[in-house]
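Enquirer: Dumping the structure here so I can ask a few things about it.
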Amino acid sequence: MSESVENFMKAVYQQIYDYHEKASTSVIAEKLNISSSAVTDMSKKLSNKQLIIYEKYKNITLTPQGYEMALRIVRRHRLWELFLSTVFNLDMSQIHREAELLEHTTSDFLTDKLEEYLGHPYSDPHGDPIPDKNGNFHGEPAESTLLDVKPDRKYTIKRLNTRSENVLQFLNEYHFSVNKPVKLMQHIQPENAVLVKIDNTKIILNALIASCVLVVKAKK
């Protein structure tokens, strides 16, 4: 498959399964920085190949065959992100950019070797789950964001659910990382912001950034 097709399939997958939102033509167009007409053309093409289900004025969904294909792309991307972080110590904004290039030139054989080298990991440096070669996910899910949880409690960061370089750079600057403890001090209204404490530093996060930080309650 071409790079443009793989990017399209991954964008649909992420919108549905990572962000739990609808994969509309306009949303996919914005994410891929292409026109809505280009999304429509690609949707028709992939529908004919039985990779997606597309109907005019309705949201895009993946067929079982399309889901399997998208999962392979996601797997390659996340394994490369972990490799680049672990071996070259690149930060979160850098690994995403480089993994975007590598994912399209990696065979299934090399992907399996990469997974083996990394010790069959469950997640990448963002906390995004890495499917195994059979398409199964492992590890502890995190569905609550810092906007959703109760104040004056300690939590553990499990996922930084964003690919915005600006947001990732901000989180990196203040040392937000997976498996790190964070305390929610209070919700700030009406701004819909939160005050958190991390590494003994108090910082206010706006709704956009706070919604990207997924947590679980800290174990005592």
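FYI, it's all coordinate maths here, none of it is from the lab. Everything numeric in this text was worked out from a predicted model, so none of it was measured. Positions of Cβ are generated from backbone atoms using ideal geometry, with glycine treated the same way; all protein chains shown enter the neighbour counts.
Enquirer: How high is the FRET efficiency between T156 and N33 when r is their beta carbon distance and R₀ equals 41 Å, given to the nearest 0.05?
Expert: 0.75
Enquirer: Given 0.36 nm per residue, what is the gain on full extension from D41 to Y19 after removing their alpha carbon distance, in nm?
Expert: Difference between extended and current length: 5.5 nm.
Enquirer: Round to the nearest 10 and give me the degree value, 0 to 90, for the angle of helix 3-13's Cα axis relative to the longest principal axis of the chain.
Expert: 50 degrees
Enquirer: While we're on this one: Springs between alpha-carbon pairs under 10 angstrom, Gaussian network model over the chain: which of N192, N89, N200 fluctuates most?
Expert: Answer for the Gaussian network model of the chain: N200.
Enquirer: Round to the nearest 0.05 the FRET efficiency obtained for S164 and N134 when R0 = 22 Å and r is the Cβ-Cβ distance.
Expert: E between S164 and N134, to the nearest 0.05, is 0.10.
Enquirer: Scan around D124 for amide H atoms under 5 Å from its own, H built in the peptide plane at 1.01 Å from N, and keep only partners 5 or more places away or cross-chain.
Expert: I130
Enquirer: Also, I was wondering about something else. If you fit an axis through the alpha-carbon atoms of helix 108-117 and take the longest principal axis of the Cα set of the chain, what angle between them do you get, 0 to 90°, nearest 10?
Expert: Approximately 20 degrees, to the nearest 10.
Enquirer: Looking only at GluC sites (Glu not before Pro) in DSSP loops with at most 16 other Cβ atoms within 10 Å, what is the longest site-free stretch of the chain?
Expert: 56-142
Enquirer: If you take the beta carbon distance between Q50 and K217 as r and set R0 to 45 Å, what does 1/(1 + (r/R0)^6) give as a FRET efficiency, to the nearest 0.05?
Expert: E(calc), rounded to 0.05, equals 0.60.
Enquirer: Another question about this same structure. Extension gain D148-E3, at 0.36 nm per residue separation less the Cα-Cα distance, in nm?
Expert: Gain in length upon complete extension: 48.5 nm.
Enquirer: While we're here: Kindly list the residues of segment 48-87 that lie in the label zone of L118, defined by a backbone N under 14 Å from the point 7 Å along the Cα-to-C-beta vector.
Expert: Flagged as within label range: 72-87.
Enquirer: Give the residue list of trypsin sites (Lys or Arg not before Pro) in segment 31-112 that are DSSP loop and have at most 14 other beta-carbon atoms within 10 angstrom.
Expert: Answer by residue number: K49, K56, K58.
Enquirer: So which of K10/K202; K10/K58; K22/K202; K31/K113; K133/K154 end up more than 25 Å apart by C-alpha?
Expert: Too far apart for the 25 Å limit: K10/K202; K22/K202; K31/K113; K133/K154.
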